[in-house]
Each structure stands twice: as C-alpha cells, then as structure tokens.
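K.L.:
Handing you this structure, nothing more for now.
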Amino acid sequence: MKNKGKILAIDLGQAHVGLALTDPEQVLVFGKGVLRGFKRLDDIFKAVKELCLKEKVVEVVMGLPLDDGGNPTPQSDRIEKIGMKLAKFLGDIQVNFEDESFTSFEADEFLASRGVKGSNRKLHEDEMAAVQILERYLKHKSA
C-alpha cells in the first residue's frame, strides 16, 4: 500500500487552535492537542510548521465557518485569507478548507456524553472540533 502522508486539521478559534492528524494512510483521525497562548498569527504558523515537519504532513485542512445553508459568513473570508497566508508560509504543503459548521457544538455534546465537565471539557472542545473537521474532509475526499 502506498504511503499517502498525514493530513493536519486546524480549528482556528478565538482563544485556542484545535489540531487533529490522520495516520499516513489517511484512514484514522487522532486529536493532536490545542495550541494556546499565542498572541500573533506568525507564532501559530511557526508552531503549525514545526508540527508539519515533525509529523511529515502533506496537507493541511482548515475549518471554514459557513452558515446553515452552506454559504460563506463574514468569518469565512478571514479564515480563507489566513489559510492563504499559511499556505505561503508552509511552502509545499497544500492548505484546503472544510465546512466546520456545528463542530464545536458537536464536540461539546460528545465530550458531555463522555462525562467530561467544566473547564476540562472546554479545553478539549477545539481539539475534538478539529477531529470532526478532518473526518468530514476525509469523507468528502473519498466520495
């Protein structure tokens, strides 16, 4: 079986950046944590690039906020511009987008159903949202 390479998903939140990663065959999805405490976009880009190099990432997927009808929102344009800057920063690693509608809500529901409470649940919500973004992306990619 040919090694396809890992895909990294990014859920770019206001305070945290959730991360998820596939296996090299792009079948399994794993949460990869949360970036916190970064004040500048450049610092986030550097952390993402380090992770991409360490994990041999071949593609990045960013969550794109769309409305209930699947149409762009005011936030969509901002995320797309950030994604284009990230693609330029990463060089050979392609950056794509996937609808992130309701992923934070779904992540919160999932964590609540597993008994995760309070600040601990909030801490993992962005990571779980990234997992859902990446699962959606793989589903659409294979369709």
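Residues are listed down the side, and each one gets a yes or a no for (1) polar (S, T, N, Q); (2) at pLDDT 95 or above; (3) assigned to a strand (DSSP E or B):
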| site | (1), (2), (3) |
| --- | --- |
| Val58 | no, yes, yes |
| Gly63 | no, no, yes |
| Ile82 | no, yes, no |
| Phe97 | no, yes, yes |
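K.L.:
Then there's this: Which of the residues belonging to segment 56-78 are under 20 Å from Gly33 (Cα atoms) and buried (at least 16 other Cβ atoms within 10 Å of the Cβ)? Can you show your working first?
P.N.:
Restricting attention to segment 56-78, the residues satisfying the condition of being under 20 Å from Gly33 (Cα atoms) are 56-64.
Across segment 56-78, the qualifying residues are Val57, Val58, Glu59, Val60, Val61, Met62, Gly63, Leu64.
K.L.:
A further question on this structure: Among the residues in segment 20-32, are any at pLDDT below 90, of a type in the set (Ser, Thr, Tyr) and under 20 Å from Tyr137 (Cα atoms)? If you could, list the steps in order and put the result at the bottom.
P.N.:
To start, the set of residues in segment 20-32 that are at pLDDT below 90 comprises none.
Taking every residue of segment 20-32 in turn, none turns out to be at pLDDT below 90, of a type in the set (Ser, Thr, Tyr) and under 20 Å from Tyr137 (Cα atoms).
K.L.:
Next question. So which residues in segment 28-50 are in contact with a Leu (Cβ under 8 Å, 6 or more places away or on another chain) and either assigned to a strand (DSSP E or B) or surrounded by fewer than 19 Cβ atoms within 10 Å (Cβ to Cβ) (or both), if there are any at all? Full working, then the answer.
P.N.:
Taking segment 28-50 first, the residues in contact with a Leu (Cβ under 8 Å, 6 or more places away or on another chain) are 29-35, 44-45, 47-49.
Across segment 28-50, the qualifying residues are Val29, Phe30, Gly31, Lys32, Gly33, Val34, Leu35, Ile44, Phe45, Ala47, Lys49.
K.L.:
Cβ-Cβ distance below 7 Å, separation of 6 or more or different chains: which pairs start in segment 67-78 with a residue that is more than 16 Å from Asn96 (Cβ to Cβ) and end on one that is in a loop (DSSP other than H, G, I, E, B) and of a type outside the set (Ser, Thr, Tyr)?
P.N.:
Filtered contacts from segment 67-78: Thr73/Pro65; Thr73/Asp67; Gln75/Pro65.
K.L.:
Let me ask another. Taking segment 69-95 only, how many residues are more than 16 Å from the chain's Cα centre (by Cα) and within 16 Å of Gln14 (Cα to Cα)?
P.N.:
Total meeting the criteria: 3.
The values are calculated or read from the model by the stated rules, or taken from the named source; none is laboratory data. Owing to the predicted nature of the structure, the values given are computational and were not obtained by experimental measurement. Neighbour counts run over all protein chains shown; Cβ positions are idealised from the backbone, glycine included.
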